[in-house]
Amino acid sequence: MKEAIQQLVKAALQTLVDSGEFAELTIPEIKLDRTRDATHGDYASNIALALAKQVGVKPRELAENIIAALPHNTCIKHIEIAGPGFINFFLAQATQMEIVETVLSQASTYGHNSAGQDSKGNAQAVQVEFVSANPTGPLHVGHGRGAAVGDSICRLFEATGWAVTREFYYNDAGQQINNLATSVSLRCQGIGPDDERWPTDGYRGGYIVELAQAYMNGESIGNVKGAADPTNDEAIRHFAVAYLRQEQDSDLRAFDVSFDVFSLESALYAEGKVEQVFEQLTDNGFTYEKDDALWLKTTDFGDDKDRVMRKSDGSYTYFVPDVAYHRDKWQRGFKKVVNEQGADHHSTITRVRAGLQGLDIGIPKNWPDYVLHQMVTVMKNGEEVKISKRAGSYVTLRDLIDQTGTDATRFFLVARRADSQLTFDIDLALQKSNENPVYYIQYAHARICSAIANAMQKYEPWDKKQGLAHLDLLNAEHEIELARLLASFPEKLASAASELAPHVIANYLRELAAALHSWYASGNQDKNLQLLVADHTLRNARLCLAEATRQVLANGLQLLGVSAPQKM
């Protein structure tokens, strides 16, 4: 319907041009937005405001001319001019209800689009890197937010026609891994954090004790076996990384998150890719020596100061392998890449992009895209939860999954914009009430399933064909509002995908669930508005609307990796 109205407006403008009244008018793309408030119609356009200056008339006057030139269309009930010159379109009730048949026919693909396909209809490749936690301990709640947001972004891409590769990058080299190996080695020797020999940067969590015991017991993690030698730093390093990688993978599986590719920082060094980046940047004239270190001219690419690339001891700073890793992504053919990371990575964006520009291999200036999530505060019993009994210094993702379940954890972690701080209230996540958003939405879905099952038991089988033929009977306020919301889902999905913003879907689902519950509540006030009325024709039509609503709730929950239960 949106495209149809856009064509009507374009035709009206062409009529005004052809008539000579506004011969100088250049017709642009017609912007049409779905309204938030039903009193303002179903769609609104600012076209008169956008073109008024060009033709030298007031916006409201131009709006009146556009309306007068619009071709007649029975799908539009009436049109109003609002404010300084917005044109509001009100759809006919029958037109609004057509969305029910569309939803039922498209089912699980309703709302999807082909934005990610090329001109030949082939899915274009997009790589999404997320979580990418250092293998130095259990995943914490921040990693959980990255997992929930990143996986939801992947699902949004898939629903909009892209061929998605999910990737996890392990920083399995560098000082943090050395600190991990040292901590495990000391534990293997019976030395704990209270001993003066314990390093300041050592890892103190109880999981280090478990790791050390597994190593000394000679346990096997894949093809890596514990050597049971507390002084063999290299063996400890390999075993510790394998052990914690396996644990992180287990947590992610419990969170219903999987990856297609795992990339290792150590491989970038082993395959000479870090050295290649260094040599290429040097050959291109973007490095210089100062204070016994090698610097990269990141100021040439918008940074506020140049950055050390190779330290005086000969080791590379942390962003250099990041540049090598992203060069590898580009060389693998990923022209669209999204990195979902914590807000602490903000300072690396400019220098990584600067390094990529310095390579001069055709990478666009603002490649890759970034989504940075803010911190998560965990609350329980009105107090902040700061540590895990096992990890010691932070709340683990597994803690939340075990306490609140995968569905609640995933929904809560995507419910707000990624760049806003988030409070995870464990008590709220456990509530079976309307205050708990995930329960509220899932209950709406289960409520419809129950109603359809009850209809099948109490009355004859649901006649979908008859219901679709009599959608014109659905003219109650709550029914029309549901239809409006169902029709807006494709736009919400498209917006969430293009803006890398899964919280848009979470907010939409809460609104749709509220409309569904309000519809049910209206039946308590007026028996004629009940879903399961005795009139079989009206009942079948309402069951069609209910099933369409259930389908869209299920589609939206799937995008967030949350289940759609039939019973609660």
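Looking at segment 261-277, can you tell me whether even one residue there is small (Gly, Ala, Ser), buried (at least 21 other Cβ atoms within 10 Å of the Cβ) and touching a helix residue (DSSP H, G or I) at 6+ places or on another chain (Cβ under 8 Å)? The answer is no; no qualifying residue exists. Listed by position, the helices (runs of 4 or more DSSP H) contained in segment 375-471 that have at least 3 residues being in contact with a Leu (Cβ under 8 Å, 6 or more places away or on another chain) and assigned by TED's automatic domain parsing to the domain that holds residue 555 are 437-458, 464-469. Listed by first and then second residue, the pairs linking a residue in segment 328-339 that is closer than 12 Å to residue 500 by Cβ to a residue that is at pLDDT below 95 and not in a loop (DSSP other than H, G, I, E, B), with Cβ atoms under 8 Å apart and 6 or more places separating them unless they lie on different chains, are 339/345. The residues on offer are 419, 369, and the sole one that is within 23 Å of residue 559 (Cα to Cα) and touching a helix residue (DSSP H, G or I) at 6+ places or on another chain (Cβ under 9 Å) is 419. Is there a residue being closer than 26 Å to residue 96 by Cβ, at pLDDT below 85 and assigned to a loop (DSSP other than H, G, I, E, B) anywhere in segment 39-51? The answer is yes; a qualifying residue exists. Does residue 350 satisfy being surrounded by fewer than 21 Cβ atoms within 10 Å (Cβ to Cβ) and over 20 Å from residue 168 (Cα atoms)? So residue 350 passes the test. The residues listed here are 343, 391, 354; of these, the one that is more than 25 Å from residue 317 (Cβ to Cβ), of a type outside the set (Lys, Arg), in contact (Cβ under 8 Å) with a residue 40 or more places away in the chain and in contact with a strand residue (DSSP E or B) (Cβ under 9 Å, 6 or more places away or on another chain) is 391. Just one of the numbered conditions (1) of a type in the set (D, E, K, R); (2) in a loop (DSSP other than H, G, I, E, B); (3) within 26 Å of residue 341 (Cβ to Cβ) is not true of residue 196: (3). Of the residues 160, 95, 109, the single one that is surrounded by 15 or more Cβ atoms within 10 Å (Cβ to Cβ), farther than 30 Å from residue 264 by Cβ and under 24 Å from the mean Cα position of the chain (by Cα) is 160.
The one condition from (1) crowded, with 17+ Cβ neighbours inside 10 Å; (2) in contact with a Pro (Cβ under 9 Å, 6 or more places away or on another chain); (3) under 20 Å from residue 144 (Cβ atoms) that residue 413 does not meet is (2). Which of the residues belonging to segment 217-233 are outside any loop (DSSP other than H, G, I, E, B) and either touching a Pro at 6+ places or on another chain (Cβ under 9 Å) or among the hydrophobic types (A, V, I, L, M, F, W, C) (or both)? Listed by number, the residues that qualify are 221, 224.
Number of residues in segment 509-548 that are assigned to a helix (DSSP H, G or I) and either among the hydrophobic types (A, V, I, L, M, F, W, C) or closer than 26 Å to residue 154 by Cβ (or both): the value is 18. Within the set 554, 534, 546, the sole residue that is under 30 Å from the mean Cα position of the chain (by Cα) and surrounded by fewer than 24 Cβ atoms within 10 Å (Cβ to Cβ) turns out to be 554.
Cβ-Cβ distances below 8 Å connect the following pairs, each with a first residue in segment 176-204 that is crowded, with 18+ Cβ neighbours inside 10 Å, a second residue that is charged (D, E, K, R) and in a loop (DSSP other than H, G, I, E, B), and a separation of six or more residues or different chains: 183/204; 186/195; 186/197.
Taken across segment 149-171, residues that are under 22 Å from residue 205 (Cα atoms) and either out of contact with any Cys (no Cβ under 8 Å at 6 or more places or on another chain) or without any contact (Cβ under 8 Å) to a residue 24 or more places away in the chain (or both) do occur, with at least one present. Beta carbons closer than 8 Å, at least 6 apart along the sequence or on distinct chains, pair a first residue in segment 253-275 that is over 30 Å from residue 314 (Cβ atoms) with a second that is aromatic (Phe, Trp, Tyr) for 259/168; 261/168.
Candidates 3, 61: the one that is under 30 Å from residue 159 (Cα atoms), of a type in the set (D, E, K, R) and either in the same structural domain as residue 546 (by TED's automatic domain parsing) or free of Cβ contacts under 8 Å to residues at least 40 places away in the same chain (or both) is 3. Given the structure, is residue 145 in contact with a His (Cβ under 7 Å, 6 or more places away or on another chain), touching a residue at least 60 places away in the same chain (Cβ under 8 Å) and not aliphatic (A, V, I, L, M)? Judged against the criteria, residue 145 is a match. Residue check: is residue 372 free of Cβ contacts under 8 Å to residues at least 40 places away in the same chain, touching a His at 6+ places or on another chain (Cβ under 9 Å) and surrounded by 15 or more Cβ atoms within 10 Å (Cβ to Cβ)? Here the answer is no, as residue 372 does not meet what is asked.
The values are calculated or read from the model by the stated rules, or taken from the named source; none is laboratory data. Keep in mind that what you see is a predicted model, and the values were worked out from it rather than measured. Note: ideal-geometry Cβ built from the backbone for every residue, glycine included; neighbour counts use all protein chains shown.
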